[in-house]
Structure formats: C-alpha cells, structure tokens
Amino acid sequence: MSLLPRSVFGQLALVIALVLLGAAVLAVALGRELATRPAAEQLLRAMDGFAEVAEELARSQSRAAAAAHLRGAGLQVSDAPPPPRPVRGAPFMRELIAQARQRSDSGRELRLGRIGRANVVWLKLDTQPALWVSFAFDRRGNRALRFSVLMLVAGAALVWVAAGYYARRLVVPLRRLAQSAPALVRGESPALGAFDGPREVRELARALAESSREVREAAQERTLMLAGISHDLRTPLTRLQYAAELLPDADPQLRAGMHRDIAEIDAILSQFIAYARDGRDEASEPLDLVVLCRNAASASQQPWQLDTPRHAPMIGKPMALLRALENLLINAQRHGAPPYSLRLHRQGEEWCIEVADQGPGLPPPLAGRARQPFVHGEHGGTGLGLAIVERVARQHGGELRLLPNAPHGLRAVLRLRRGAD
C-alpha cells in the first residue's frame, strides 16, 4: 500500500509542503551561516578588545583599581566564578559560547548566568586573581528570532493555502470532466459551463464536447440510414410474402420455406435497427422489472419457470430492457434446451436477472466473444442479440455475464443498478 496520495490535489499539496519545508530548513541554515556566525564573531572580537583594555588596566595600576573602574562604568564585577549553566536559548548565544571555547588558550572564558531576572554573559578576565565581568543579555533577540520564525511559518502557510487554491482550481474541473467522460463518449452533451478553470482544461472540454457531437450526429445518420434500409426492404418482402400466397401450384413445403426466409430477413432487419438505436434516445422512468420479465416470458414460444419477487422497482428504460430480456430468452431457446428458467432477485444495490437453460452450454473462452457484435453461433442469427443486451446493461450501470449452469447448460446473468426505488 502506497503512502503517497493518489489524487492530483494531494500530490500537489505534498510537493508544495515539501518545498516549503525545504525552504524553511535552508533559510534557518543560511541564517546561521550568514547572520548568526558573523555576528557572534564580531561581538566576540569586541569583547576581546574590552578584555585587553581591562587586563592592561589591571597590569598598569592594580587589580582593585581595574575592578573599581569597571564598577564605575556600571558593570557587575565578581571575584568568584559564577555557577555554570547549560547553553540554551537563542542560536546566537550558543554560537557565541562555542566560538569562545575555541579560544580558550587566551585565559578568558564565557559563561551564561542570571542576576535576578536578568540574563547575563560572564566574561572571565586574564588577571591574577581572575575577575568576572557581566554583560546584560537582552532577550529581545529571542523575541526577534521567534517573530522571524513566526513570520516564516505564516508566510509558508499563506503560500500553501494559495497554492492549494490554484491546485483545486485545476483538479475540480478535471474531476468534473472525468465524471462527464462516459456521457461524452455515449454522445450526450453535458453543459460546458461546469468546466471552468484553466484554459487548457476548457479547451479539452470543448474538444471532447465536439467529439461527442460528432459521435451523436454519426449515430443519428446511422439510425436514419438503417431505418431507411428497413423501410425499403420490408416493402418488397411484403410483396414476396403476398406473392407466395397467391402461387397456384406451389409446393406447400416450398411456400413454408419462403415464409420462414422472409420472416428471418425481417427479424435480421429488426435486430440491425435495434442495435443501431441502442435505446440511447429513450428516457428513463420508474418501472417494475417483474412486469417486464413476465411480459417477455409470456411472449415466448416456450414455457418458462419464473422465480421473481412481488415487485422490483427501479429507474430505467423500459423498451430497451424489454428488448434485452427478449434477446436473452430467444438466445436460450435457440442455443440451449429445456427446461428454461428466469430468476429475478436483489443483490445489494443491483437487480440480477438469471436466464438459464439445460443445453450444451458455452466454453469459457467463447463467453467473452459471444457478447461481441456479429459473432454467429452454429444455429445462425445476426450475432447482435447478446451485444444489444450488453449495451443495455452498460446503460443501466450493470453488466452481462455468461456462466456455466451446473450440471450443464448456460446461465446468463444480467446485473442492473437499481437506482432510485
């Protein structure tokens, strides 16, 4: 399991946070190198100069005289060394003490201490005996440091919020576009006003909408062409059927064969038109799957065993679903063997329609191909029946599965999302 975020917004937020954290660490490091260390070196040189003057005064006059001059200047002087304290506080003081320890060969020493509530730095002078002189340490430096750190954190937070806002402006239109992509592929036309955001996202949305419009126009032209072909072919088919009835001395078997061929051609034309229309233009409405299952079974030429609940409400396209059920029943009767059964049951948020027979079944490698258009079986047909069922299932957020029916036979499972009851 990856710990990295999977969304674009999460990845952008993580990158921005890492960049800001790296910038803060770099700022602290550079601040120490470019400000703290030089300032500590300068202050230490000033204190060395002061110590040289005080030590020279003690050597030229006396130690007592030097101590009196220092007290007269307002400095705190002590003969006893102050108790050692741990080096804490601001980075500047830690750097000052560290540099002073590197110069321990001069006989001088720096220590941190307190006099009352004041923080002081004690300087040991190289005199005999040693004198300790205190310098008040103003903690406003710590407050300035805290203020600088606070400003750095506030600036980083503002940058992160601004970057997150612009990242969201990029991610939200992409998410909406991804949600609308299936509708665009189907040829539907969602409102482009929802795709605001950067120019590139708007251009992508326009390109997809234009492609969707072209797909929709091509589908309409295909439907119109097939409808015209159906109308033009059914007229001579009707004449042929009428002429076959009027043949005076025709063989009854020949006449029956002609009627079967005419009926098969008419069924093929109906399948082509159904596949071309695919139910896309049909509006969804509340329906009862139990009624559709019973209507499809009653229109069949074979007896069917029905196992359904009292009601199975859902939102869907009734004509497309009825056509899909009829195709499943016809496919079972054409390729299978009785007894035939139709079972409708609820599984989670889906309705499952199982159409089973006791025929030879279908090998698993051929189950996927059977749902593709124009895949013919040994019993003939257009090869569009299961392809139409698969398309109707996708329109209702479901799928079609072809499974073995133990001990033998085929079980076609049509899964449909229930939607609103």
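Would you confirm whether any residue within the range 126-134 is surrounded by 14 or more Cβ atoms within 10 Å (Cβ to Cβ) and modelled with pLDDT under 75? Taking every residue of the range 126-134 in turn, none turns out to be surrounded by 14 or more Cβ atoms within 10 Å (Cβ to Cβ) and modelled with pLDDT under 75. Got at least one residue in the range 79-91 being in a helix (DSSP H, G or I), surrounded by 16 or more Cβ atoms within 10 Å (Cβ to Cβ) and at pLDDT below 75? Yes - at least one qualifying residue is present in the range 79-91.
Taking first residues from the range 188-213 that are within 12 Å of Leu177 (Cβ to Cβ) and partners that are modelled with pLDDT of 65 or more and among the hydroxyl-bearing types (Ser, Thr, Tyr), the Cβ contacts under 7 Å between residues at least 6 apart in sequence or on separate chains come to Pro190/Ser180. Yes or no: Ser106 at pLDDT 80 or above, over 59 Å from the mean Cα position of the chain (by Cα) and of a type in the set (Ser, Thr, Tyr)? So Ser106 does not fit the description; no. Only one entry in Ala324, Ala274, Ala297, Ala267 is modelled with pLDDT of 75 or more and either closer than 27 Å to Ala244 by Cβ or touching a Phe, Trp or Tyr at 6+ places or on another chain (Cβ under 9 Å) (or both), namely Ala297. For the range 294-329, taking the residues that are part of a strand (DSSP E or B) and of a type outside the set (A, V, I, L, M), the one that is nearest to Glu282 (Cα to Cα) is identified as Gly316.
The values are calculated or read from the model by the stated rules, or taken from the named source; none is laboratory data. Being a predicted model, the structure only gives us computed values, none of them experimental. Reconstructed Cβ throughout: ideal geometry from the backbone, glycine too, with neighbour counts over all protein chains shown.
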